[in-house]
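A.B. asks: Got a structure for you, written out below as structure tokens; questions coming shortly.
The values are calculated or read from the model by the stated rules, or taken from the named source; none is laboratory data. If you're wondering where the values come from, they're calculated on a predicted model, not measured in any experiment. Virtual Cβ from ideal backbone geometry, glycine too; neighbours counted across all protein chains shown.
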Amino acid sequence: MREITLSQAVNEALAEEMRRDPSVFILGEDVAEAGTPFKVLSGLVQEFGKDRVIDTPISEPGFMGLAVGAAMTGARPVVDIMFGDFLFLIMDQLCNQAAKTHYMSGGKLNVPLVVRTNLGATRRSAAQHSQSLQALVAHIPGLKVALPSSAYEAKGLLKTAIRDNNPVVIFEDKLMYQDKAPVPEEEYLIPFGQANIKREGRDITLIATSSMVQVAMKAAEALASSGISAEVIDPRTIVPLDEATLLASVKKTSRAIVIDEGHQSYGVTAEIASRLNEKAFYYLDAPVLRMGAMDVPVPFSPVLEDLTVPTPDRVAEAARRLCAGEMIHAA
Amino acid sequence: MTSMKATPEPQADRSNAERYLRMYRQMVRIRTFEEQANQLYLTARMPGLTHMYSGEEAVAVGICEALTDTDRITSTHRGHGHCVAKGAEFRSMFCELLGKAEGYCRGKGGSMHIADQSHGNLGANAIVGGSMGIATGSALRAKLFGQDDVTVCFFGDGATAQGLLYEVMNMAALWKLPVIYACENNGYSEYTKTAEIAAGSLTARAEAFGIEAFRVDGQDVLAVNELAERLVARARRGEGPFFIELETYRYHGHHVGDINRDYYRSKEEETLWKTERDPIIRMRAWLVEQGIAAEAEIEAMNAQIRKDAEDAVAYAEAAPYPDPSEVDMHVFTDVLHATRIGA
């Protein structure tokens, strides 16, 4: 199978959906000729024109609001939020308006829009261009949240997001835009709420999202050499969450670590760990561990920044200690 | 800014008699609806609070009478007037205010989120200024799809302090979107005089973006409607956006519980607006003077509206609440009960 970059996968997904459905359009800063700072959208304006690939002023709340109104009246906007950190700017439009409109109207109004944004530290971009804010939006009922972990997921999940009749926030890992993965030429979609078992194992389950899937896979390889068989699962969407697959795995392995690049406290890892405790407690041989980003703003200095995110070594070390029974009373 | 000063009362065009009567009737329907809503609050039969539109009827009616069902509006926390003026029925509205299953939003929205999709009302909004993006986005959709509908964005003077207005007016002007920003200046931003929260002129804010701005007497339904008809027609032809500042007055407090208002405005001021500038009294006198309707006909019309409202209240009070199972419905379009799966 051919291999393409995550960036190309996103571009293909948008082009295919825009060819299929004339109501799909793109709205954001420097999305047209510039193709975004990451060049993810290059070429789309040439095919679809400036009416469907719309450059906006630097007004995130404003164009997010426009997307909500366009979606409520029949269009399918794909909003480009250049850095995940800028989600804080659009919170009212996304969380008070888009997320609640279907519910507040008793099911009469729909808001079929997609917010494409990114996550991920270690790009030496400091505290306001490095955050992974998926927990923030996953907390709000009415929003679906997708976290692609490779080019394959990026394409299949984005196509599903565009066809969904609800607001969807999709986070791409900005450090993975140039990473290649096998992506079929033929059309495919990845349904929401279906986790992917990336690697089967018996002793411990590593549940990892987005950028952390690679980290978990490397940790699993390292663990294999020391005789520990780790299962790696990528939920692919955290809303909806495929609880059944996660629970089945943990009931089999009886240990789990949840890894996500958002801050550890009150985060995605906490939510998933809590559900495993509630629904698989009697199958567990050890506490479910959370591994998220350190609870500090992301520092600039590389020496400091690299300390803030989970790494394969740290995940493998935690897994060894869990399997050795050393963390029964883990703080 | 084009000022629309109080002009001598116009001569009636007899071929428009139906329209004049409908505008009067719609204003009375709004006032009557609110009298009933206020009673429901005062007698503790309505959950929560509500924000009264009484006094501002000519604004909603004058503008909405210039619109069709395919034209859209966005409304505010003070939204009963817009909802009635855009074509909503009393029964479904009272059911919504009382949290009943037959409400426009199945009781999930209430007074502050009432929406009526069937008549193009995209909904009231409890975030001040929260619907400015929605209205402008609706207009963007119309332009992208080549549709000729117009969207009116209602908001108050208080909402002009929100940054969102300037972001969306900038884009509406850049892209010539068919949206009309209708600023209901009732003189008060909640409990504070507008003069204390708004520097400079409101219309100048729109003019800075190259948007044609107008000021009109918001107590004169004929003047409001005449201006709205012109601007809606121009917006349909791609000449938008426009901005209108409507000078009006809110008879009640910020919400129904805001009873003691002496610290921010005088009773004399309220009385003056109610007796000298009331849009309904003014339109009624004009209809009679112009021979469009006799006093007796108007009395009969008012009585019928009052009866309709009372019947609708009785209907809503007797109507069933939503089944408890509806609590986690309508979170997502494609999930019947959002909390029953791993969502």
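A.B. asks: Restricting attention to region A:101-156, and to residues there that are on the phi < 0 side of the Ramachandran plot, within 14 Å of chain B (Cβ to nearest Cβ) and small (Gly, Ala, Ser), which single residue is surrounded by the fewest Cβ atoms within 10 Å (Cβ to Cβ)?
C.D. replies: Top of the filtered list is A:ALA138.
A.B. asks: Another question, if that's okay. Tell me, which residue of region A:30-56 that is touching a residue at least 24 places away in the same chain (Cβ under 8 Å) and within 12 Å of another protein chain (Cβ to nearest Cβ) is surrounded by the fewest Cβ atoms within 10 Å (Cβ to Cβ)?
C.D. replies: Per the criteria, the residue is A:ASP51.
A.B. asks: Being within 14 Å of the chain's Cα centre (by Cα) and more than 12 Å from chain B (Cβ to nearest Cβ), is that true of even one residue in region A:224-232?
C.D. replies: No, every residue in region A:224-232 fails to be within 14 Å of the chain's Cα centre (by Cα) and more than 12 Å from chain B (Cβ to nearest Cβ).
A.B. asks: Moving on. If you go through region B:306-324 one residue at a time, do you hit one that is within 11 Å of another protein chain (Cβ to nearest Cβ) and over 30 Å from A:ARG236 (Cβ atoms)?
C.D. replies: Within region B:306-324, one or more residues are within 11 Å of another protein chain (Cβ to nearest Cβ) and over 30 Å from A:ARG236 (Cβ atoms).
A.B. asks: Return the residue satisfying two criteria in turn: it lies in region A:90-100 and is facing another protein chain (nearest Cβ under 10 Å) and of a type outside the set (D, E, K, R), and of such residues it is surrounded by the most Cβ atoms within 10 Å (Cβ to Cβ).
C.D. replies: Only one residue fits best here, namely A:ALA98.
A.B. asks: More than 8 Å from every other protein chain (Cβ to nearest Cβ) and crowded, with 24+ Cβ neighbours inside 10 Å, is that true of B:LEU97?
C.D. replies: When the stated conditions are applied, B:LEU97 passes them.
A.B. asks: Would you call B:GLU57 out of contact with any Leu (no Cβ under 7 Å at 6 or more places or on another chain), surrounded by fewer than 21 Cβ atoms within 10 Å (Cβ to Cβ), at pLDDT 95 or above and more than 11 Å from chain A (Cβ to nearest Cβ)?
C.D. replies: no
A.B. asks: Another one. Residues being hydroxyl-bearing (Ser, Thr, Tyr) and part of a strand (DSSP E or B): count how many of those fall in region B:159-185.
C.D. replies: Selection size over region B:159-185: 1.
A.B. asks: Could you list, in sequence order, the residues of region B:60-87 that are out of contact with any Gly (no Cβ under 7 Å at 6 or more places or on another chain), surrounded by fewer than 24 Cβ atoms within 10 Å (Cβ to Cβ) and not acidic (Asp, Glu)?
C.D. replies: Once the filter is applied, which keeps residues that are out of contact with any Gly (no Cβ under 7 Å at 6 or more places or on another chain), surrounded by fewer than 24 Cβ atoms within 10 Å (Cβ to Cβ) and not acidic (Asp, Glu), region B:60-87 yields B:ALA66, B:LEU67, B:THR68, B:HIS77, B:GLY87.
A.B. asks: Does B:THR271 fit the bill of being of a type in the set (S, T, N, Q) and modelled with pLDDT of 95 or more?
C.D. replies: For B:THR271, the condition - of a type in the set (S, T, N, Q) and modelled with pLDDT of 95 or more - is met.
A.B. asks: Among the residues of region B:187-231 satisfying the criterion of being part of a strand (DSSP E or B) and among the hydroxyl-bearing types (Ser, Thr, Tyr), which is nearest to B:GLU270 (Cα to Cα)?
C.D. replies: This residue is B:TYR188.
A.B. asks: Based on what the data block shows, is A:THR205 assigned to a strand (DSSP E or B), surrounded by 24 or more Cβ atoms within 10 Å (Cβ to Cβ) and polar (S, T, N, Q)?
C.D. replies: It is true that A:THR205 is assigned to a strand (DSSP E or B), surrounded by 24 or more Cβ atoms within 10 Å (Cβ to Cβ) and polar (S, T, N, Q).
A.B. asks: Free of Cβ contacts under 8 Å to residues at least 60 places away in the same chain, part of a helix (DSSP H, G or I) and not polar (S, T, N, Q): is that true of B:ILE30 in this structure?
C.D. replies: Here the answer is yes, as B:ILE30 does meet what is asked.
A.B. asks: Residues of region B:264-282 being in contact (Cβ under 8 Å) with a residue 40 or more places away in the chain and among the acidic types (Asp, Glu), which ones?
C.D. replies: Listed by number, the list holds a single entry, B:ASP278.
A.B. asks: For region A:73-183, which helices (runs of 4 or more DSSP H) that fit wholly inside it have 3 or more residues that are touching an Asp or Glu at 6+ places or on another chain (Cβ under 9 Å) and closer than 24 Å to B:VAL331 by Cα?
C.D. replies: A:134-138, A:151-163
A.B. asks: Answer with yes or no whether B:LEU246 is closer than 26 Å to A:ALA67 by Cβ, under 20 Å from the mean Cα position of the chain (by Cα), more than 14 Å from chain A (Cβ to nearest Cβ) and touching a residue at least 40 places away in the same chain (Cβ under 8 Å).
C.D. replies: For B:LEU246, the condition - closer than 26 Å to A:ALA67 by Cβ, under 20 Å from the mean Cα position of the chain (by Cα), more than 14 Å from chain A (Cβ to nearest Cβ) and touching a residue at least 40 places away in the same chain (Cβ under 8 Å) - is not met.
A.B. asks: Next up: Please pick out the residue among B:GLY240, B:GLY253 that is in contact with a Lys or Arg (Cβ under 7 Å, 6 or more places away or on another chain), away from chain A (no Cβ under 14 Å) and modelled with pLDDT under 95.
C.D. replies: Result: B:GLY253 is the single residue among B:GLY240, B:GLY253 that is in contact with a Lys or Arg (Cβ under 7 Å, 6 or more places away or on another chain), away from chain A (no Cβ under 14 Å) and modelled with pLDDT under 95.
A.B. asks: Let me ask something else. Does at least one position in region A:272-282 carry a residue that is among the hydroxyl-bearing types (Ser, Thr, Tyr), over 23 Å from A:GLU153 (Cα atoms) and modelled with pLDDT under 95?
C.D. replies: No: zero hits.
A.B. asks: I'm trying to understand the selection: among the residues of region A:265-292, which are of a type in the set (S, T, N, Q) and outside any helix (DSSP H, G or I)?
C.D. replies: A:SER265
A.B. asks: For region B:60-83, name all the residues that are within 14 Å of chain A (Cβ to nearest Cβ) and not acidic (Asp, Glu).
C.D. replies: Matches in region B:60-83: B:THR70, B:ARG72, B:ILE73, B:THR74, B:SER75, B:THR76, B:HIS77, B:GLY79, B:CYS83.
A.B. asks: Within region A:224-248, count every residue that is in contact (Cβ under 8 Å) with a residue 40 or more places away in the chain and over 27 Å from A:LEU119 (Cα atoms).
C.D. replies: Number satisfying all stated conditions: 2.
A.B. asks: A further question follows. Quick check on region B:106-121. Is at least one of its residues in a loop (DSSP other than H, G, I, E, B), more than 7 Å from chain A (Cβ to nearest Cβ) and of a type in the set (Ser, Thr, Tyr)?
C.D. replies: no
A.B. asks: Let me ask you something else. Inspect region B:136-158 for any residue being in a loop (DSSP other than H, G, I, E, B), within 12 Å of chain A (Cβ to nearest Cβ) and over 19 Å from B:THR68 (Cα atoms) and give the result as yes or no.
C.D. replies: no
A.B. asks: Which of (1) within 10 Å of another protein chain (Cβ to nearest Cβ); (2) surrounded by fewer than 24 Cβ atoms within 10 Å (Cβ to Cβ); (3) assigned to a helix (DSSP H, G or I) is the odd one out, the single condition A:MET64 does not satisfy?
C.D. replies: Result: A:MET64 passes all but (2).
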